[in-house]
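Asker: Have a look at this one before I ask anything.
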Amino acid sequence: MFGIDITILAIVGLVALSTAGLAYGILFTRIETEKKAESRVRKVTAAESDRIQVKAARDRMNEMSKRRKSVQDSLKDLEKKQQEKSAKAKPSMKIRLMQAGLTISVAQFYIASVVFGLVAGLMTFVAGAMLPVVAGVLLIGAAGLPRWFVNFMINRRCKAFLNEFPNALDVMVRSIKSGLPLNDAIRLIAGDGQEPVRTEFRRIIEAQQVGLSIPEACARMINSIPLPEVNFFAIVIAIQAQAGGNLSEALGNLGKVLRERKKMKAKVQALSMEAKASACIIGALPFIVAFMVYMTSPQYMMILFTDPRGHIIMGFSAVWMTIGIWVMRNMINFDI
């Protein structure tokens, strides 16, 4: 009985094993086919995903290329406009008075110049100078010194603008990051900024009120503040208006660039102070020697003022001194 049970169990086991082998042999092809199909589906899905990613990357590159081309076109247009402006004649006296921050009209300026020249010539004539000297003083007083004063005021105002302009840009950056639009940021500077930045930004607001856009109003600032830094600011605003982008980051970078330029100018000025001091000493040396010779031997020097040949010598000396001072000035001045 025990042997029969073992035989039956062995037969049952063999039948089960045979059935399993037969089933595996029958289903093996189907299982392999399903595995291959699943593998192909995964590959197709991965390829589709890769194709979508490649297409997205290609679209991003195309968008970046379009934006880059738009920025380049904007820069070319702005550069062309600047070249056209520079090709024109020098700014009129009305614009120069505006750049100097003077509130007088052109007629008042010319009247004041003529009056100043007449007073200077009259004082020279009363002092007993010769008529050519009186005419020279009259010409310098009427045409030279007033224009020099206007140029001096323009340079002074531009320096004050450069000292305050980076701070104004920082205020604009913080205002834009806090959620204010560009127009409100400009109004903030126009209301609470320091002079002369406040006046220039107020002119931008006034230009907007008469119908100009912000880029156009900023581009007009170069007329009242003739500085390359103002041109940089107008270019940044124009590019942001045409191509978009992070305006706060662009203005922040511009502020950093302006501060670095200021540091570089100060460094160059410090390094060139020795050359400037030498140029001042060399330029003043002939006058100092002439004064010392006059103090020790007046008759030796007075012949230059009493003899016609002395006048010719002094005229040639003045011309050569002017040329020498001009050359030294160009040698020690550096544009950054």
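The values are calculated or read from the model by the stated rules, or taken from the named source; none is laboratory data. From a predicted model like this one, the values you see are computed outputs, not experimental measurements. Note: ideal-geometry Cβ built from the backbone for every residue, glycine included; neighbour counts use all protein chains shown. Keep in mind that these areas ignore ligands, DNA and RNA; they rest on the heavy atoms of the full protein, side chains included. Shrake-Rupley method; radii C 1.70, N 1.55, O 1.52, S 1.80 Å.
Asker: Kirkwood hydrodynamic radius of the range 169-216 from all distinct Cα pairs, in Å?
Answerer: Final number for the Kirkwood radius of the range 169-216 is 10.8 Å.
Asker: Roughly speaking, what is the centre-to-centre gap between the range 137-216 and the range 233-280 when only Cα atoms are used, to the nearest Å?
Answerer: So the two Cα centres are separated by 16 Å.
Asker: Would you mind calculating the gained length between L118 and R30 on full extension (0.36 nm times residue separation, minus the Cα-Cα distance), in nm to one decimal?
Answerer: Here the answer is 20.1 nm.
Asker: Now for a different question. Keeping all protein chains in the complex and leaving out DNA, RNA and ligands, what accessible area do you get for L17 with a 1.4 Å probe, in Å² to the nearest 10?
Answerer: Surface open to solvent at L17 totals about 120 Å².
Asker: Report the gain in length on full extension from Y110 to F232: 0.36 nm times residue separation, minus Cα-Cα distance, nm rounded to one decimal.
Answerer: Full-extension gain reported as 40.5 nm.
Asker: A follow-up question, please. A185: net charge of surrounding residues, Cβ under 15 Å, Lys/Arg +1, Asp/Glu -1, itself excluded?
Answerer: Values: positive: R174, K177, R187, R198, R202; negative: D170, D184, D192, E200, E249.
Here the count lands on 0.
Asker: Across the range 223-237, in residue order, what do the Karplus-derived ³J(HN,Hα) couplings come to in whole Hz, using 6.51 cos²θ - 1.76 cosθ + 1.60 with θ = phi - 60° and x for Gly and Pro?
Answerer: Along the range 223-237, the couplings run 6, 9, 10, x, 10, x, 5, 5, 5, 4, 4, 5, 5, 4, 5 Hz.
Asker: How large is the accessible surface per residue of the range 146-260, computed with a 1.4 Å probe and reported in Å² as a whole number?
Answerer: Values: 5570 Å² over 115 residues.
For the range 146-260, the solvent-accessible area averages 48 Å² per residue.
Asker: Plugging the Kirkwood radius over Cα pairs into Stokes-Einstein for the range 224-312, at a temperature of 25 °C and a viscosity of 0.890 mPa s, what D comes out in µm²/s?
Answerer: Using the Kirkwood radius from Cα pairs, D works out to 134 µm²/s.
Asker: Short version: ³J(HN,Hα) in whole Hz for each residue of the range 10-20, in order, from phi by Karplus 6.51 cos²θ - 1.76 cosθ + 1.60 (θ = phi - 60°), x for Gly and Pro, what are they?
Answerer: Going residue by residue, I get 5, 5, 4, x, 5, 5, 5, 5, 5, 5, 5 Hz, with x marking Gly and Pro.
Asker: Once R0 is set to 51 Å, what does the formula 1/(1 + (r/R0)^6) return for the Cβ-Cβ distance between L180 and V327, expressed as a FRET efficiency to the nearest 0.05? Display every interim value, and only then the final one.
Answerer: Values: r = 52 Å, r/R0 = 1.02.
After rounding, the FRET efficiency stands at 0.50.
Asker: Could you give me the percent of Cα pairs per 10 Å distance bin for the range 253-303, shortest bin first, beginning at zero and ending with the bin that holds the maximum distance?
Answerer: Spelled out per bin, shortest first, that is 22, 23, 19, 15, 12, 7, 1.
Asker: Pull out the extension gain between R198 and A135, defined as 0.36 nm times the separation in residues minus the alpha carbon to alpha carbon distance; nm, one decimal.
Answerer: Net length gain for the segment: 18.4 nm.
Asker: Mind jotting down a quarter of the surface of the convex hull over the alpha carbons of the range 188-251, in square nanometres, one decimal? Intermediate results must be reported in sequence, preceding the final value.
Answerer: Details: hull surface 17.7 nm².
Its Cα hull, projected and averaged over all orientations, spans 4.4 nm².
Asker: Carbon-plus-sulfur fraction of the accessible area of the range 189-336, 1.4 Å probe, in percent?
Answerer: Here it works out to 66 percent.
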